[in-house]
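**Student:** Quick one: this structure, given as structure tokens, is what I'll be asking you about.
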Amino acid sequence: MRAYCAYVGILRSIADESLLADLRAALGREGASAHPLELELHARDAGVSNGRAGAVCWPRSGAEVAAAVRVACAHGRSFVPRGSGTGLAGGAVPVGEPLVIVTTRLNRVLDVDARARIAWVEPGVLNLDLSRSVAHLGLHYAPDPSSQQACTIGGNIATNAGGPHCLAQGVTATHVLAVQAVLPDGSVAMLGGPAPDSPGYDLRGCFVGSEGTMGIATRIAVRLTPNPPCIATLLLDFISVEDAAAAVSGIIAAGVVPAALEMMDAEITRAVEDFVGAGYPRDAAAVLLVELDGLPAGVAAQCDLVRQVGRSNGAREVRVAADEAERALLWKGRKSAFGAIARIAPDYYLHDAVVPRTRLVDVLRSIYAIAAEQELTMMNVFHAGDGNLHPLIVFDRRHHGVWERVREAGDAILDACIAAGGVLSGEHGIGLEKRDRMPLLFSPDDLDAQARLRDAFDPNGVANPAKVLPAGSRCGEMGSAPDGTWV
Amino acid sequence: MGVRKTETVVAPALTSGAARLQEAIRSSAGDVVKGIAGSGVAVVAVGGATQSDVGDPIVPPSTGVLEVHAPAGIVAHDVADMTVTVGAGTPCVEVGALLAAASQECVLDARSPEATVGGLLASGLSGFRRLRYGPLRDSVLEVRFVTGDGRLVQGGGPTVKNVSGYDLPRLLVGSLGTLGVIVQVTLRCRPVAESADWFASAAHPTDLRAALFAPSALLWDGLRTHVLLEGHPVDIAEQASSAGLSASGRAPVWPSGPHRGRASVPPGSLADLAERLDAINDCTWLAEVGVGTTHVACVSEAALAEARSAAHACGGWLLREAGAPGLPGFGGVLPGIAVMRRIKDAFDPAGILAPGRLPL
């Protein structure tokens, strides 16, 4: 047996060397590596799963991306695309020793057409960098996930990323006009285009949110959004979470569609205040950060409405940011939420689920109860405007048995959200983390239909194969996550 | 259009009860499709029959065609969550009336009163307020449809934000009935704007677009740009005044004629397209500035063919919507056709759904 394993090991390393050689022939010596350190660095994303990479490569152009995919195919290896690795659901975690294709060297903004408000970018461009590069034109790129300082446009496309300003502006799919992609067979296709409708099926629409299972984007046309002439940012503080949630419902019911509507509970507000000092009230049970934008009269009227709704739901204080500096500070507070908790405990598990807005209060009660039952510290920050919750469990994994409790709590939270009429993910995607929970939402026929769509793009099952859909979603589908791909 | 009807099947008429509607959705369309499996009979879903001539004509098999009507009726209107779920056979105007009672709307803007929600989705025809509110597919949260092999599938989900799994709703929009019979749809709603007014201006449309913030529609006929502004009345008045708009009180007249099409070009190429279309005799057009969609109506088939050439020259294409029987529906090879064929085969292995409607 030992000799057999050694034999297989030798065959494996011959295959790996051959793979590496072919990659380097296509991408240059510095373009690929199988060094144990590189493999280790690329074995995980920002979530909780670990995987195992077979090799890593860094193409510098669309042509090199295509070449890398073709080399992987020629060697019978699967591949997984990777941007900055900020994903939380395990989408970029390598399962089955695939080739990791890192897109960060494709980091140029290629063209900006200010009149048409369209930019062509490479997938490795960082989200915030894109907005900064068009700021002088009075434009920005609307999807603004909390990780925007680090995450890439390509990664945003893979997860159909959101962010606080997606409430009024829409998620990534609304802002991507075209994707030039290397398909899993190494061919290149332009999906969509700057023209408003593409003939035939919406392949671009299928690709956005496909989590690297349909190919790799190498050039992307994005819509740029004009900066609104008028912005009002309000902070409301409440002595109960129920009041805050009722205010959320009230604001929407009043016919206001805020640019952003975020809620933070007491724990996270205190953590943020200790970390950033943004002027958040440390003794609030919950705070609402509301942003309104548009034209002056409309914004003023909405501001009044929000104030009224806030007060009638028990808001202690309604503060309107006096200037851009105060606005920036309030947002810094919100966007530092996940960084702030690092001061509290070394590990965290950030969840992502959506419930109908109207069920927010019930669900919050349930998840606080779940955390209490498992004796875990939990805080909540979320995009209250669209019911997208981010329960954050904070812990120290060195404590005996805590990880099991964290996982059980996570499962129970998802169950509670689905039972309340919600879905599995609002922003982070299914990835590896929630793959096996898809049957909570979808019937076997539903999953089969999704598998059929995916197989149409990837008939050979080589593009990030172990993600999104559980094993057996389609007849003849093989593979489940090998042991060891969880912490 | 040459479709030989063998039979028309209508899902049970529903007078009340969302539960009965749901049961009908579960049982009727699926049973119908499964029941004819293997017989070679084609299935064509019919809504208000207002877009029947769009694209390529159905190629009926010798075994005949079964027309299916999806169930109609409101399943649920969640006022606070701003979503509405309806049978796909529900006329858009009925959905509009229901939502209006709660000061909400879904940005469908269907052109005909007979248009159904399912039909609108299948035709992929976005409304004229796309400039501000986005294309039709951005409003669709969930679809339930019956595949060519008789399975009832749900894609998407009931919440306004959702990235769980693959985006089947977007795939179905614009699929012209070739991937499934849509039976139920959940749509995203928005509050109705406080005020809405139409204006007109002779200024260049691109300059107008730069001068206005978030107009709902900018429709240009070559001579004038018709502007729809929605929002707070004071803001509307201020915008209109600073951009030099004159109140017109009405929407523009839509181009009409026996031979009609919808051109789709990059929005930056509209000026170029306009010049080319103006050079064609007996061709009227209305362009959606900032979007790139241009509605074309011609007196002769030859003129529509020329309009298609113009669209191609501007880096776009033209969909034949009515008339011009000698003109192919799409006028070119579908981009990514290999993937599209695999999708079609996957959802309709026996090729019974709207055969011929797409040039696959």
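Any read-out appearing in this document is the output of simple, stated calculations on the displayed coordinates, not a laboratory observation. Remember, it's a predicted structure, so these values are computed and weren't measured experimentally. Neighbour counts are summed over all protein chains in view; Cβ atoms, including those assigned to glycine, are modelled from backbone coordinates with ideal geometry.
**Student:** How would A:Arg12, A:Arg82, A:Arg29 line up from fewest to most surrounding beta-carbon atoms within 10 angstrom?
**Tutor:** On the way: A:Arg12 12, A:Arg82 28, A:Arg29 9.
Starting with the residue having the fewest Cβ neighbours, the order is A:Arg29, A:Arg12, A:Arg82.
**Student:** Sticking with this one: Could you give the Stokes-Einstein D for region A:145-219 in µm² per second, using the C-alpha Kirkwood radius, 4 °C, 1.567 mPa s? Intermediate results must be reported in sequence, preceding the final value.
**Tutor:** Working: Rh = 12.8 Å.
Diffusion coefficient, whole number: 101 µm²/s.
**Student:** Among B:Val32, B:Thr63, B:Ser139, which residue has its Cα positioned farthest towards the positive end of the charge dipole of region B:22-146, with +1 placed on the Cβ of Lys and Arg, -1 on the Cβ of Asp and Glu, and the dipole taken about the Cα centre?
**Tutor:** B:Ser139
**Student:** Under the rule a/c < 1.5 gives rounded, and otherwise a/b versus b/c splits prolate from oblate, where does region A:348-487 land using the Cα gyration tensor? Display every interim value, and only then the final one.
**Tutor:** Details: a/c = 2.50, a/b = 1.50, b/c = 1.67.
Since a/c reaches 1.5 but b/c is at least a/b, the shape of region A:348-487 is classed as oblate.
**Student:** Using all Cα-Cα distances in chain B, what percent lands in each 20 angstrom bin from 0 up to the longest?
**Tutor:** All Cα pairs considered, the percentages come to 29, 57, 15, 0.
**Student:** Another question, then. What is the diffusion coefficient of region B:160-211 in µm²/s, taking the Kirkwood radius over Cα pairs and the Stokes-Einstein relation at 20 °C with a viscosity of 1.002 mPa s?
**Tutor:** On the way: Rh = 15.9 Å.
D = 135 µm²/s.
**Student:** Could you work out the Rg to Rh ratio of region B:33-158, with Rh taken as the Kirkwood radius (inverse of the mean 1/r over all Cα pairs)? If you can, show how the numbers build up before the last one.
**Tutor:** Values: Rg = 15.8 Å, Rh = 15.9 Å.
Using Cα coordinates only, the ratio equals 0.99.
**Student:** Can you compute the radius of gyration and Dmax for region B:118-178, using only the Cα atoms, both in Å?
**Tutor:** Radius of gyration, then largest Cα-Cα span, for region B:118-178: 12.0, 38 Å.
**Student:** What are the principal axis extents of the Cα atoms in region A:285-400, in Å, biggest first?
**Tutor:** That works out to 57, 32, 24 Å along the principal axes.
**Student:** Just to compare against my own numbers: the Cα pair-distance distribution for region A:138-266, 10 Å bins, whole % per bin, please.
**Tutor:** Histogramming region A:138-266 at 10 Å steps yields 11, 35, 28, 18, 8, 1 percent.
**Student:** Is region B:208-264 best put as rounded, prolate or oblate by its Cα gyration tensor, with a ≥ b ≥ c the root eigenvalues, rounded for a/c under 1.5, and otherwise prolate when a/b is larger than b/c, oblate when not? Display every interim value, and only then the final one.
**Tutor:** Working: a/c = 2.46, a/b = 2.20, b/c = 1.12.
It is prolate, given that a/c is not under 1.5 and a/b is the larger ratio.
**Student:** Which whole-Hz couplings ³J(HN,Hα) result when phi for each residue of region A:100-116 is put into the Karplus expression 6.51 cos²θ - 1.76 cosθ + 1.60, θ = phi - 60°, listed in order with x for Gly and Pro?
**Tutor:** Per-residue couplings from phi come out as 8, 9, 8, 9, 5, 7, 8, 10, 9, 7, 7, 7, 10, 10, 5, 5, 7 Hz.
**Student:** To continue, here is another question. Show me, for region B:297-303, the HN-Hα J-couplings you get by feeding each phi into the Karplus relation (A = 6.51, B = -1.76, C = 1.60, θ = phi - 60°), rounded to Hz, glycine and proline as x.
**Tutor:** Taking θ as phi minus 60°, the curve returns 9, 10, 7, 10, 5, 4, 5 Hz for region B:297-303.
**Student:** For the protein assembly as shown, just list the percent of Cα-Cα distances falling in each 20 Å bin from zero outward, please.
**Tutor:** For the protein assembly as shown, the pair-distance distribution reads 15, 48, 32, 4, 0.
**Student:** Quick check: convex hull over the Cα atoms of region B:273-329, volume per residue in Å³, rounded to an integer?
**Tutor:** On the way: hull volume 4.2 nm³, N = 57.
Cα convex hull per residue, to the nearest whole number: 74 Å³.
**Student:** Alpha carbons only, please: Rg and Dmax for region A:190-259, in angstrom.
**Tutor:** 19.8, 54
**Student:** Here's another thing I want to ask about it. Once the convex hull of the alpha carbons of region A:106-164 is built, what does its volume come to per residue, in cubic angstrom?
**Tutor:** 76
**Student:** Moving on to the next point. Treating the beta-carbon of each Lys and Arg as +1 and of each Asp and Glu as -1, no other charges, what is the dipole magnitude of region B:224-349 about its Cα centre, to the nearest 20 debye? Mind dumping the intermediate values first?
**Tutor:** Numbers: 10 positive and 13 negative charges, 79 e Å.
Once rounded to the nearest 20, the dipole reads 380 debye.
**Student:** Dipole of chain B, Cα-centred, from +1 at each Lys and Arg C-beta and -1 at each Asp and Glu C-beta, to the nearest 20 debye?
**Tutor:** 780
**Student:** Over region B:255-304, what number does the Rg to Rh ratio reach, with both radii from the alpha-carbon atoms and Rh per Kirkwood? Intermediate results must be reported in sequence, preceding the final value.
**Tutor:** Details: Rg = 10.2 Å, Rh = 10.7 Å.
My calculation of the ratio gives 0.95.
**Student:** Counting only residues 5 or more places away or on other chains, whose amide H sits under 5 Å from the amide H of B:Gln184 once H atoms are built in the peptide plane?
**Tutor:** B:Ala88, B:Arg144
**Student:** Right, next: Would you tell me the mean number of C-beta atoms belonging to other protein chains that fall within 10 Å of each C-beta in A:202-211, as a whole number? Write down the numbers at each step before the final one.
**Tutor:** Details: counts 11, 8, 2, 11, 7, 5, 3, 7, 3, 3.
Shielding by partners across A:202-211 averages 6.
**Student:** Looking at region A:169-208, I'd like the Rg to Rh ratio, where Rg is from alpha-carbon atoms and Rh is Kirkwood's inverse mean 1/r. Provide the component values of the computation, followed by the final result.
**Tutor:** Numbers: Rg = 10.5 Å, Rh = 10.7 Å.
When Rh is taken as the Kirkwood radius, the ratio is 0.98.
**Student:** Right, next: Note the per residue figure in Å³ for the convex hull of the C-alpha positions in chain A. Before the final figure, lay out the partial values.
**Tutor:** On the way: hull volume 75.7 nm³, N = 487.
Taking only Cα atoms, chain A has a hull volume of 155 Å³ per residue.
**Student:** What would the Debye equation give as log₁₀ I(q)/I(0) for region B:214-360 at q = 0.09, 0.13, 0.14 Å⁻¹, counting only Cα atoms as equal point scatterers?
**Tutor:** -0.38, -0.69, -0.76
**Student:** Here's something else I'd like to know. Sorted from fewest to most neighbouring beta carbons within 10 Å, what does the list B:Cys106, A:Cys5 look like? Walk me through the numbers on the way to the answer.
**Tutor:** On the way: B:Cys106 25, A:Cys5 9.
Ranking B:Cys106, A:Cys5 by Cβ neighbours within 10 Å, fewest first, gives A:Cys5, B:Cys106.
**Student:** Work out the length of the dipole vector of the protein assembly as shown about its Cα centre, built from +1 on the beta-carbon of each Lys and Arg and -1 on the beta-carbon of each Asp and Glu, and round it to the nearest 20 debye.
**Tutor:** Numbers: 71 positive and 88 negative charges, 235 e Å.
Using Cβ point charges on Lys, Arg, Asp and Glu, the protein assembly as shown gives about 1120 debye.
**Student:** Order these by the 10 Å Cβ neighbour count, fewest first: A:Ile418, B:Ile352, A:Ile430. Mind dumping the intermediate values first?
**Tutor:** On the way: A:Ile418 18, B:Ile352 24, A:Ile430 27.
The fewest-first ordering by Cβ neighbours comes to A:Ile418, B:Ile352, A:Ile430.
**Student:** On to the next question. Calculate how large, on average over all directions, the projected area of the Cα convex hull of region A:1-113 is; give the answer in nm² to one decimal. Could the numbers behind the result be given before it?
**Tutor:** On the way: hull surface 33.5 nm².
Projected area, direction-averaged: 8.4 nm².
**Student:** Do any of A:Lys434/B:Lys34; A:Lys335/A:Lys467; B:Lys34/B:Lys161 go past 30 Å between their Cα atoms, and which? Spell out each step's value before the answer.
**Tutor:** Working: A:Lys434/B:Lys34 33 Å; A:Lys335/A:Lys467 28 Å; B:Lys34/B:Lys161 33 Å.
Result: A:Lys434/B:Lys34; B:Lys34/B:Lys161 exceed 30 Å.
**Student:** Given only helices, namely DSSP H runs of n ≥ 4 each adding -39500 (n - 2.57), what is the per-residue ellipticity at 222 nm of the protein assembly as shown, to the nearest 500 deg cm²/dmol?
**Tutor:** On the way: 27 runs with 264 residues, N = 847.
Result for the protein assembly as shown: -9000 deg cm²/dmol, rounded to the nearest 500.
**Student:** Largest first and to the nearest Å, give the Cα extent of region B:29-93 along each principal axis.
**Tutor:** Here the spans come out as 50, 27, 14 Å, largest first.
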